[in-house]
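Worksheet: the structure to be examined is printed underneath.
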Amino acid sequence: MKRQMKFGAVMTGALALSACGDTVYDPRGVEKSETLLSVSATGQADTRPDEARFTAGVQNWARDAAAASAETQEDIDEIVAALREMGVAEEDIQTSTVNVQRIDWGDRRGQFQASNTLTVRVRDIDQAGAAVTAVTAVGANIVSGPELRLSDPEAAANSAYANAYAAARARADAYAEAAGMEVSRVLYIRDAGGSQGNRYFQGAQATAVDAAGYRPPPPPVSPPPPVNLQVSPESMQEGGATIMPGQTTSAVTVQVDFALVEQ
């Protein structure tokens, strides 16, 4: 039997030698002349968000439901017109909630409250602050957001995955050099998923062995808590709302199994 070796690392890494008996079957595809090295590594990529989404709407009160609804719809029409004037396309304005209810408590008891909110997508993030200001200027009294997003999230995620694999390969080379060996080939790659801002995505896997082969269970990855920034009309300063895009971090984890051979 070959000797067994283990090394510690900042990320999980284990170096284990496969059995070399002629009758031993290793579903991971490790040959008897090879050593199996399993490495986990993370990669990150920072990308400036290029679009924003926020909600804007109104709520009104009247003595009957029809009057409250009509007044609210008039206000919504003005909000939509203001957004369209800014260049926001119709397909980027979507009704999110419509509500009418009788008030049975407080000073407005017996009246009806009607509310209507829209979800607005601003594809030019530099115009997001102006869009928020525009809707409040025409009477929006329900405003929340923004949610800063990437129009091409896959491109940012792929950069993070490339960095994660490069880190895994660099760690594998370091292990191999310390053991007097070299990396021969890649046996297995597992995408353990990760996060991108407040978005969480599942991983995938690619492997050189068949479907009946070795499949280690994926580690648990908890999604980050949602973030919602509130923008109230009363807080608007002259000149409009200021929205700072900052950077959205894509962080992912991969596990790669390498086959090592003696130098």
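The values are calculated or read from the model by the stated rules, or taken from the named source; none is laboratory data. Bear in mind that the values here come from a model prediction, so they are computed numbers and not experimental data. Positions of Cβ are backbone-derived with ideal geometry, glycine not excepted, and every protein chain shown enters the neighbour counts. For accessibility, only protein heavy atoms count, side chains too; no ligands or nucleic acids. Shrake-Rupley method; radii C 1.70, N 1.55, O 1.52, S 1.80 Å.
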Name, by its number, the condition in (1) touching a Ser or Thr at 6+ places or on another chain (Cβ under 7 Å); (2) over 26 Å from Ala68 (Cα atoms) that does not hold for Ser144. (2)
Quick one: Asp92 ticks every box in (1) more than 26 Å from Ala241 (Cβ to Cβ); (2) in contact with a strand residue (DSSP E or B) (Cβ under 6 Å, 6 or more places away or on another chain) except a single one, so which number is it? (1)
In contact with a Pro (Cβ under 6 Å, 6 or more places away or on another chain), basic (Lys, Arg) and open to solvent by 70 Å² or more (accessible area, probe 1.4 Å), is that true of Arg48? yes
Determine whether the stretch 146-153 contains at least one residue that is in contact (Cβ under 8 Å) with a residue 24 or more places away in the chain, within 30 Å of Glu74 (Cβ to Cβ) and among the small types (Gly, Ala, Ser). no
So which residues in the stretch 63-84 are among the polar types (S, T, N, Q) and open to solvent by less than 40 Å² (accessible area, probe 1.4 Å), if there are any at all? Thr72
Those residues of the stretch 243-261 which are small (Gly, Ala, Ser), buried (at least 16 other Cβ atoms within 10 Å of the Cβ) and within 20 Å of Thr47 (Cα to Cα), in sequence order: Ser250, Ala251
